[in-house]
Each structure stands twice: as C-alpha cells, then as structure tokens.
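First comes the structure, then the notes that go with it.
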Amino acid sequence: MSEQEMPEPTGPHGGHHALDVARAHGVTTIFTLSGAHVFPMYDAAVTTDDPMPIIDVRHEPSAVFAAEAIGKLTRTPGLAVLTAGPGVTNGVSPIAQAHFSGAPLVVVGGRAPAATWGSGTLQELDHPPIVESVTKSARTAGSLTEIAPAVDEAFTAARSSHRGPTFVDIPMDVFFSNGPVEHTASGEATVVEPDPDDIARVAALLAQSHRPVLVLGSDVWSDHADEAALRFVEGSGIPVVANGMGRGVVPGGHPLLVTKARSPALGTCDLAIVAGTPLDFRLGFGRFGGKDGAPAATTVHLADSPGQVSSHAELGASAAGDLCTLFDALLEALQSQQRRPDWSTWTDQLQQTVTGAVERDKALLGAEADPIHPARIYGELLPRLDDDAVVIGDGGDFVSFAGKFVEPRRPGGWLDPGPYGCLGAGLGAAMAARIARPSSQIVLLLGDGAAGMSLIDVDTLVRHNLPVVMIVGNNSAWGLEKAPMQMLYGYDVAADLAPSTRYDQVVTALGGGGEMVTDPRQIGPAIDRAFASGIPYLVNVMTDVNAQYPRATMGV
C-alpha cells in the first residue's frame, strides 16, 4: 500500500487518552524531562484546545519532586511523566519520598515497545517490579483501551486515604496508537468513616487526662482536616505540637501552640494523641512521658485509614478514617463526657516554657558571631515573611534550625522531605510552590550539600519564569554527618565540601541573580534584594560549621 493510500488514524492517540483522564482529576501541569517514549503526552498537552503547561527540568528527580510538592500543596495528585528506563529509575527516590510522606502523586512512564519486547530495544526495562514497594499501585497499560482506566485507577488510588504515589507505564507503540476513548474518569476518592466506638474510647481517655498533648501531622492537612483540627483544639483547649505539614494548622503565636515546648510537652504529658503522622523516629516511636519524674504516658493514634495505625507502639486507643469527621466527632464526644477537663494549668506551664524559649532564641536570632551563626539567617528572614509565604526546607542541620524557628501562620505553608529524609528535593518543590501559589513568597532553604544535588534546575526556574528566593546556609560541610562521626570516632572523613563555594555565581550563570554574604548585618538587606528582584535569586550565607543543631536523635 502506498503512502497516499494509508488510512487516516481514527480517534485520539494514547497521549490524549492519558492526559484527558489526568485533567479530569485536576491536573493542570506536567512535570517531565524530554524523552521520545512519552512524546504523545506532550503532543496531547500542546495540541488541545486548552493547552496544558509542560515544565521540563534538567534531571528527572526534580520533575517528580515537583509533582509530589504539587500534591502536598494543592491536595490534588501531581503528575510526573518520565521516559523509559533511566528516566523512570531516576525518579525512584522521589517516588519513595512521596510514599513515606503520604503525598498524592501519579507517575506515568514510557516503556519500550510491546511488539519488540525482549529483543533489547533502547531503555527496555520492566519498571513496575522496581517501584511497587514504594507505590500504592504499579502496572503496565498493555493496550490502547487500558490506558484511560489504568490512569484513572492510578489517580483514584493516589488521592484516596492513605494517599501516596502510583505508577503506570505505557509501551511506546501503544502510546502512539490511535483509537476512541471509551472510559470516563471517575474523579472520586474513597473515604473511610471512623468507628464511633473508637472515638468514644479516645474521648474517655481524654476526659480523664490531666496533661494531654495533641501532635498534628501532615495528613491533617492532606485530609482537608485543618479547619476541623483547629475547631477541636480551640473547643477542647488541648495544647498542640506541630509536625511536618501540620505546621500552621494552629497558627504561629496561638496560645495553644506549644511546639517550642516540645520536650516537656511530650516528655511529661500523661496522654499523647498523635494525629495524621506515623509514630516513627521523629516521635520517639510512640513512647511519651517518663521524663522529670513523670510516669509513662498513654498513646493514642489517629490515622486517615486503618493501615496507618501503628502496629509497633503500645496504644491506649486508636481511631482511623476521615480526619475531618474524626476531629468533629471527637470534640462532640468530649463535650458529652460527664467530666469536663480543665487543662489551663498544664497549658500555662507549657506556655511559660514557650515564652522562655522565645527569649533564649533572641540571642541566637540576633547573633553577631563571625563566622555567622545559622540562626541569624532566621532572625533576618522571619520578620520579612508574609503570612501566606511558602517555606521549603532542603538540607540537614541548616534546615533543622528552620524547624525550630519557623512557625507558619497558615496551613499548607511548609514543605520538607518528610521522614524519608531525601535531600535534593528543593528545586522541584520550589517550582511547584511558585505554580501552586503564584502570589505568595516562595523561600527555599538549602544546605550547601543539598544545593549541590539540584541547583542546575535553577535553569528550569529561569526558563519558565518561576521566581524563587533561595537561601543557602553554607558551612562547607555535610554538617549532619560531620558531627556524629566525630562523636563516634573522634574524626570525620567524607564530610567536608569545598570552602566558600560560590553557589550564588552558579545561579547568576544560569540566568538568575545572587550574592554572597559574610557579614551578619548584610543578611537582611540581601534577602530584601532577593524578594525585590522578581527572578530566581540565591543568597549564599557563609556560616559556622561548629554551630551545630542540638538534636536528640539520629533517626535510628
């Protein structure tokens, strides 16, 4: 048959099948690094009547980190599109981060052609077995008619409690083939209703408690329960410690927010209610109380789905399900108890500790030390942050100081790697934050080690006109490793970086702006210039390698 006699393709190609479903689930941006295996997705994005923006990065991890951050910030799954083979394997660490963070994320991968599978074509690799341990689902859409339902199932699973990443790969020849779409995206996430008896048991423990504390974690935000959680806190009067994206649910400065009194709150409470976060190393694996002569506390775990309730900790009670429903029902159950607890004395004690911590912090936040103490950076940054600023942490010791000093005034304004501790996520998260919050200040806090992992993607910020303020705490070392190794062995190796590296000049060379700061009095003016620049701008602050964050755990 001659070329002129070839029949015209009938129906949209596989890229349209996938993208139409993604759009129905709320996707507005594709994050990717160009690869021929996934060209149909790009064609579908640019040839539709309503084109979808494509943010193309310099290294695949940034694309997945960006899509993960979209999921965290918007609570709608982000979409990363990765070419076959190394494109997918480069995305495995960010997928794992989304898994441990409970972030809604869908990754669509290219795949070597089905017709030639097994013959050694370019980048031929069976991806699902590689990612299945860190995804809610991982499958191959082996035919054109499978694409839409497979992508729909991936989005539905990603956005259903407990949220997390999903993966679908599509063979190249299937992706490029044409045919009608016979599947309509459901767009509905599954919701788990909490058991009223479980809530009653938690309420009874709470009513009997004299020194309770509530820990609010990331799933409180992800489950759209931030307003319900605040209603519960203010209606019950329980003091709160914030964790992860639970920061800002109770605004910074609120009289019931006692994160700055975390140690006595968790160490001397008689009841710890942990909501929306695992009982992992960040929370003593679920063991509370027992300090300063206090007995061990009772632990209660509230989770967004039954599978997230701790199986290793000794629990006095637990409840699982939609956290918004759970908080409102718990408040109602508490108010119906015969004993109406009064925790004002306990809360006052914790607030006195908070006040003392704030006073002690002032010395560090205003430190005139040479070399610069990293806390001084936060002393200059905090008064310059708007209430709706998004602060992103990507680093070890330097970002640990951020966790100590930054208390967002609104929910959804804090991003960090979560319990997986994956560095290099910052540039991708910054892209996502600028897209998701176009009118907000976006501040990316980078350790110099983390900066070296992804700073080339400033090029992406510049090409796509995504202005972000970046601040590097540059102590010329892997500080999170240097001090522990010295403690263990009396020396350290593989912990030093080149002294005073000019990361600001890297950003300038890529089309952004930047400057180096060695005088603490110049930090504030440099941050002002960064905010005023309207471009990606990096403030590179030389800090004291010996000013280490005082941590109580190494995470093991």
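Label sites at residue 204 and residue 46, each approximated as a point 7 angstrom past Cα along Cα to Cβ, lie 6.5 nm apart.
Quick check: from the Cα gyration tensor, does segment 54-201 come out rounded (a/c under 1.5), prolate or oblate? Prolate. Per residue, the accessible area of the chain comes to 39 Å² when a 1.4 Å probe rolls over the protein heavy atoms. First obtain the Kirkwood hydrodynamic radius of segment 12-104 from its Cα pairs, then insert it into the Stokes-Einstein equation at 20 °C and 1.002 mPa s, and state the resulting D in µm² per second as a whole number. So the translational diffusion coefficient is about 162 µm²/s.
Evaluating 6.51 cos²θ - 1.76 cosθ + 1.60 at θ = phi - 60° for every residue in segment 449-463, the Karplus couplings come out as x, 5, 4, x, 7, 9, 5, 4, 6, 4, 3, 5, 4, 5, 4 Hz, glycine and proline recorded as x.
Close amide H contacts of residue 538 (hydrogens built in the peptide plane, cut-off under 5 Å, sequence separation of 5 or more or a different chain): 470, 513, 514, 515.
Translational diffusion of segment 232-311, estimated by Stokes-Einstein from the Kirkwood radius over alpha carbon pairs at 37 °C in a medium of 0.692 mPa s, is 248 µm² per second.
The figure for residue 186 is an accessible area of roughly 60 square angstrom, using a 1.4 Å probe on the protein chains alone.
The Kirkwood hydrodynamic radius of segment 110-173, based on inverse pair distances between different Cα atoms, is 12.4 Å. What is the P(r) of segment 247-368, as percent of Cα-Cα pairs per 5 Å bin from 0? That works out to 2, 10, 15, 19, 21, 18, 8, 4, 2, 1, 0, 0, in percent per bin. Here the scattering of segment 320-421 is modelled by Debye summation over its C-alpha atoms, one equal scatterer each and no solvent; at q = 0.20 Å⁻¹ the log10 of I(q)/I(0) is -1.12.
Largest accessible area first, the residues 549, 420, 378 order themselves as 420, 549, 378 under a 1.4 Å probe with ligands, DNA and RNA left out.
Placing 362, 136, 260 in order of accessible area, with the largest value first and a 1.4 Å probe, yields 362, 136, 260. The solvent-accessible area of residue 281, taken with every protein chain present and a 1.4 Å probe, is close to 60 Å².
Taking θ as phi - 60° and the Karplus parameters 6.51, -1.76 and 1.60, the scalar couplings of segment 522-532 work out to 9, 5, x, x, 5, 5, 4, 5, 5, 5, 7 Hz in sequence order, x denoting glycine and proline.
Taking label positions 7 Å along the Cα-Cβ direction at both residue 500 and residue 291, the computed distance is 4.0 nm, reported to one decimal. Using the Kirkwood radius over Cα pairs, work out the Stokes-Einstein diffusion coefficient for segment 145-224 at 37 °C and 0.692 mPa s, in µm²/s as a whole number. Roughly 198 µm²/s, to the nearest whole number. Relative to the dominant Cα principal axis of the chain, helix 92-101 is inclined by about 40°. Figure note: 245, 487 ranked by solvent-accessible area, largest first, 1.4 Å probe, ligands and nucleic acids not counted: 487, 245. For the chain, the fraction of 1.4 Å probe accessible surface lying on carbon and sulfur atoms is 52 percent. Note on the chain: the C-alpha convex hull projects to 28.0 nm² when averaged across all orientations.
Per-residue extension of 0.36 nm, minus the Cα-Cα distance of residue 314 and residue 224, leaves a gain of 29.6 nm for this segment. Binning the C-alpha pair distances of segment 459-508 at 5 Å intervals from 0 yields a P(r) profile of 5, 16, 20, 16, 12, 12, 9, 6, 3, 1 %, listed from the shortest bin outward.
Counting only residues at least eight positions apart within a chain, or on another chain, the aspartates and glutamates with an alpha carbon under 14 Å from that of residue 482 are 397, 448, 492, 496, 544. Normalised by residue count, segment 62-106 yields a Cα convex hull volume of 51 Å³ per residue. Taking the C-alpha atoms only, the angle from helix 426-436 to the longest principal axis of the chain is near 80 degrees.
With the convex hull of its Cα atoms as the shape, segment 171-330 has an orientation-averaged projected area of 12.7 nm².
Once you've got the Cα coordinates, tell me which of 291/362; 362/404; 72/260 are over 18 Å apart. Long pairs (Cα-Cα over 18 Å): 291/362; 72/260.
The values are calculated or read from the model by the stated rules, or taken from the named source; none is laboratory data. Predicted model, so just to flag it, every value in this text is computed and none were measured. Positions of Cβ are backbone-derived with ideal geometry, glycine not excepted, and every protein chain shown enters the neighbour counts. Just the protein is used for accessible areas: all its heavy atoms, side chains included, with ligands, DNA and RNA removed. Shrake-Rupley method; radii C 1.70, N 1.55, O 1.52, S 1.80 Å.
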